[in-house]
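Just so you know, all these numbers are worked out from the coordinates, no wet-lab data involved. For clarity, every value in this text was computed on a predicted model and none was experimentally measured. Cβ placement follows ideal geometry from the backbone for every residue including glycine, while neighbour counts extend to all protein chains displayed.
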């Protein structure tokens, strides 16, 4: 069935077709990412635009990028990195709106589920040469989460804190000791509390929805949340973001790596 495609951004094209950078051009792109001051006119892409970066990694990375860029007529720069990943940027002089980026992520996810190939990460819109670098680094940070959790498509905004934890052993260890170890104890070593808290955060802190998700009453959820606060010595309102991140990282660590 044909799906309607909405284009990310509405600006006129900055170039006619995608630019595939290889060899010396790829080296210039990497140098720009490293902060070196180079003549960008040697790369056929407008760095003055607003940019969104994408990175595909794994088997079929080229195809994943091609599928993700197929729905847009906006100019894009594509680079095959030395590590085997494929880097891409989409540029728009008029900027990107939220719905267009949601469409991009949804279409990429649909393609990923259909093919089961490489994972794809998406940075957030940012302007100018500095923004071009920033959105790429965001996509790279999200890639660590995508690869650990076998997620087909990951946007940086959805995993910003988690991406920092994945890359920082001190932060990961500290979150575990501060927010998960106090929950341990009892006959199930705290699993019931962690399950309830995960459901609570997944339900946007709605007690009734959390109870329905795990098959208990809202009163049971409320009792468990109070118990968690007692064990932590802090109200959830004061440490909810840190606790949710610790729980997400625990789940990420428990996810089996794919064989591909």
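Give the angle, between 0 and 90 degrees and rounded to the nearest 10, that separates the Cα long axis of helix 218-232 from the longest principal axis of the Cα atoms of the chain. Tilt relative to the chain: about 90 degrees. Computed from Cα atoms, the angle from the helix 191-202 axis to the main principal axis of the chain rounds to 50 degrees. Each part reduced to its alpha carbon centroid, segment 201-260 and segment 38-60 end up 39 Å apart. For the chain, the C-alpha radius of gyration divided by 2.2 N^0.38 Å, with N the number of residues, is 1.16. Between 0 and 90 degrees, the angle of helix 236-254 with respect to the longest Cα principal axis of the chain falls at about 70 degrees.
Bridges between two residues of the chain, per DSSP, are antiparallel at a rate of about 75%.
In a fully extended conformation the segment linking residue 157 and residue 230 would gain 23.2 nm over its present Cα-Cα distance, using 0.36 nm per residue. Return a whole-number percent for the relative contact order of the chain, with Cα pairs under 8 Å and 6 or more residues apart as the contact set. Here the relative contact order equals 18 percent.
Between residue 241 and residue 42, what FRET efficiency comes out of the Förster formula 1/(1 + (r/R0)^6) with R0 = 30 Å and r the beta carbon distance, rounded to 0.05? The calculated FRET efficiency here is 0.10.
Peptides 93-103, 30-40 ranked from most to least packed by the mean count of surrounding Cβ atoms within 10 Å: 93-103, 30-40.
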